[in-house]
1. Looking at segment 39-49, which of the residues that are open to solvent by 40 Å² or more (accessible area, probe 1.4 Å) and out of contact with any helix residue (DSSP H, G or I) (no Cβ under 9 Å at 6 or more places or on another chain) is farthest from Cys113 (Cα to Cα)?
2. Just for segment 560-574: of the residues that are in contact with a strand residue (DSSP E or B) (Cβ under 7 Å, 6 or more places away or on another chain) and of a type in the set (Lys, Arg), which one is least open to solvent (accessible area, probe 1.4 Å)?
3. Give segment 319-349 a look and list any residue that's assigned to a helix (DSSP H, G or I) and open to solvent by less than 50 Å² (accessible area, probe 1.4 Å), or say none.
4. Within segment 12-32, can one find any residue that is closer than 25 Å to Lys495 by Cβ, modelled with pLDDT under 90 and either open to solvent by 90 Å² or more (accessible area, probe 1.4 Å) or not in a loop (DSSP other than H, G, I, E, B) (or both)?
5. Please work out which residue is nearest to Ile443 (Cα to Cα), limiting yourself to segment 456-513 and to residues that are modelled with pLDDT under 95 and of a type in the set (Val, Ile, Thr).
6. For segment 521-534, does any single residue satisfy the condition of being exposed (fewer than 15 other Cβ atoms within 10 Å of the Cβ), part of a loop (DSSP other than H, G, I, E, B) and not hydrophobic (A, V, I, L, M, F, W, C)?
7. Considering only segment 286-294, I want to know if a residue exists there that is in a loop (DSSP other than H, G, I, E, B), hydroxyl-bearing (Ser, Thr, Tyr) and either surrounded by 20 or more Cβ atoms within 10 Å (Cβ to Cβ) or touching a Leu at 6+ places or on another chain (Cβ under 6 Å) (or both).
Amino acid sequence: MKKDKRHEKASRKLYEPPKPKDYIRKNERSYTGIIEIKKNGSGKVTSNEIEGTVFIPRIYVNDAYDGDEVEFVLIQTPKFWDIEGKIVRILKRDKTEYVGEIKYISGAMHVICDNGLNVRLNKKKVEKKWEELKEGTVVVIDIDDWRDQATAHIIEVLGNKEDPHVSLTKIARKYGFVEEFSKQIQDSLEQYSQEFVTHLIPDRTDIRHEKIFTIDPADAKDFDDAISINKLPDGTFDLGVHIADVSAYIPEGGILDQEAAARGTSLYLPSSVIPMLPRKLSNYLCSLNPDVERLSFSCFMRINKEGEITNYHFKETVMKSAFRFNYQEFQQLLDSALAGKETDAVYKDFRQLALWSKELKDILKSKRIREGGIEFDLPEIKVVIDEEGRTIDIHRYQLYESNSIIEDFMLAANKCAAHFLHSKEDRLPGVYRIHEKPSLEKINDFFEDMAASGIKFKIPDDPTNHFYMQDLLKLIKESPNGDYLANNFLRAMMKAKYSTDNIGHYGLAFELYTHFTSPIRRYPDLMVHRLIKKHLKRLSINKSRDNKKFVQSLCMLASEREIKAIKAEYEARDLKIVEFMADKIGKKFEAVIVTIMPYGVYVRMKAWPVEGLVRARDQHKDNFEYDDKRRLFKGRRSGEELSVGKEVIVLLKGVSRELLTIDFDLVKGTV
């Protein structure tokens, strides 16, 4: 459908008074889309009918909640927004289960949810065991009726809101992630044991004799990928990427498969993992733990000295991991081998494999960069939690060369899987991981940030050119505000997603790409395994499941679940950061300004990678005015300028667990 661009010439008049939510003027065109609700109660709608997102002021949200399918109209906008709208009808609720806290109002039991939903519970529908729940208890409710004032009943009690573990469970449930699996699903797993693996060995290629190993984070609980490597006399490499064969345990279309598709992905919280699969599979039978026989699905590749994959094939295998490395351990082995130092005896058999792994990684990475691949390498934040669920430290993840080795080997296997599926599309649809070019609007916004940071750069005719983007990112990382700008650079990119229609992967500069290497934690990888096997084994086609429309619906669901998982993980991380800062109110810290907005500046602390807001209107020692052209604030009395990269001293003013915000005040005597 053609995208509507009327908003580009929208006038700058004031809001009209709100009209009844189900009233649409005859001369107004309405649109449909999915709404996302912000913490402040406003929203934004994404629609296939309009380019970009539509901002919905709080007064025009009209009882829509996060994820709802809505009907909306465009409205004339004030000067700060390019496109605004108002909700006129709720077409479809995203869910009926919500998480909230018990609150007593005039003696009646209510549940107050984060999204503003306030439900009065009918006494007759409150089970006797829950009649005396204390205020502040976190519960899960199911909406019985949306008409007029919503009615609901309690289906689960999570616990006291002050419990650090409960606060994380609350976030998980808010986004639809549940720890437990049904009894029916648990019972279906009784047929699987180590004997099941032994029974299938004769039908598989036996690679138990090969020196296969895993490299994962130190705190990993499941291991779904392993590697083997050999360098041939002519300088070419044989690389094996061996993946947990999850599909062997999950009948397609069965109850466990339906549950895995509905979950879409595992959720990684600061203190725990809510798995896509039951732990009997994810942590035990499917996990490629060392010294045990495991069913695997392997991609064998021949790679030449230029990094070209000259041949590949997939096989159902049975393997036995010879060693489990974490990233730091493998890096220590590699560093010792490169320096010619003696290797720890336990690593001795893997010394040469480590050197070959680095050599091949360098070849693959160089080829990827030569062909336009964009290296983001953005540092992630690690929140360290104690057994009580409380934050004890916040720091950046340390990345090693060993991380890059696994990344490039997995990319190679994923490319092979995509190439294979694409070559067979005449029989079955493929599943691809696609990434669109960034919009010029977002790129231009980012250029303004760069200019405001004092970086000099030229803009070519095509700013989305891969090689220009590579140079731009390099320039950013070398600047004093590198971290801030690199994060904004990433925000300017489109979100990768799953689809049956391949358009390539912009960030990686791959014409074909998919996800094959993590079926324990991602449902699309399981889909890819099944599709490849259907071709290899010439299995019969299931017309109700193997058609493009059905496969695309699973791709869309997986993309939606991925977005929810990302939101939940960021929200959980931010909550733990806010809790960590709560006992530091009133203390002074060194910080650096990282973002300028019309209402204030965001600063990042030097002690921890924590950001917060200095609101301009609250700085009573000076009257700071925003200079839109220069993207900075200037004090009327002092003449002091607040710009990106400026080092300051701030006082922690307050935190909000509800809004997940951290507020600072400027202190006299900026650095």
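The values are calculated or read from the model by the stated rules, or taken from the named source; none is laboratory data. All of these numbers come straight from a predicted model, not from anything done at the bench. So basically every Cβ, Gly included, is an ideal-geometry build from the backbone, and we count neighbours across all protein chains shown. The protein model used for the area step is the full one, side chains on, heavy atoms only, and it has no ligands, DNA or RNA in it. Shrake-Rupley method; radii C 1.70, N 1.55, O 1.52, S 1.80 Å.
1. Of everything passing the filter in segment 39-49, Asn48 is farthest from Cys113 (Cα to Cα).
2. Arg561
3. Residues satisfying the conditions are Tyr327, Phe330, Gln331, Leu333, Leu334, Ser336, Ala337, Tyr347.
4. No; the residues of segment 12-32 include none that is closer than 25 Å to Lys495 by Cβ, modelled with pLDDT under 90 and either open to solvent by 90 Å² or more (accessible area, probe 1.4 Å) or not in a loop (DSSP other than H, G, I, E, B) (or both).
5. Thr464
6. no
7. So far as segment 286-294 goes, yes, one or more of its residues are in a loop (DSSP other than H, G, I, E, B), hydroxyl-bearing (Ser, Thr, Tyr) and either surrounded by 20 or more Cβ atoms within 10 Å (Cβ to Cβ) or touching a Leu at 6+ places or on another chain (Cβ under 6 Å) (or both).
Residues checked against (1) of a type in the set (A, V, I, L, M); (2) within 18 Å of Glu560 (Cα to Cα); (3) in contact with a Lys or Arg (Cβ under 7 Å, 6 or more places away or on another chain); (4) modelled with pLDDT of 95 or more:
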site	(1), (2), (3), (4)
Ile255	yes, no, no, yes
Pro270	no, no, yes, no
Ile274	yes, yes, no, yes
Pro278	no, no, no, yes
Leu281	yes, no, no, yes
Asp291	no, no, yes, yes
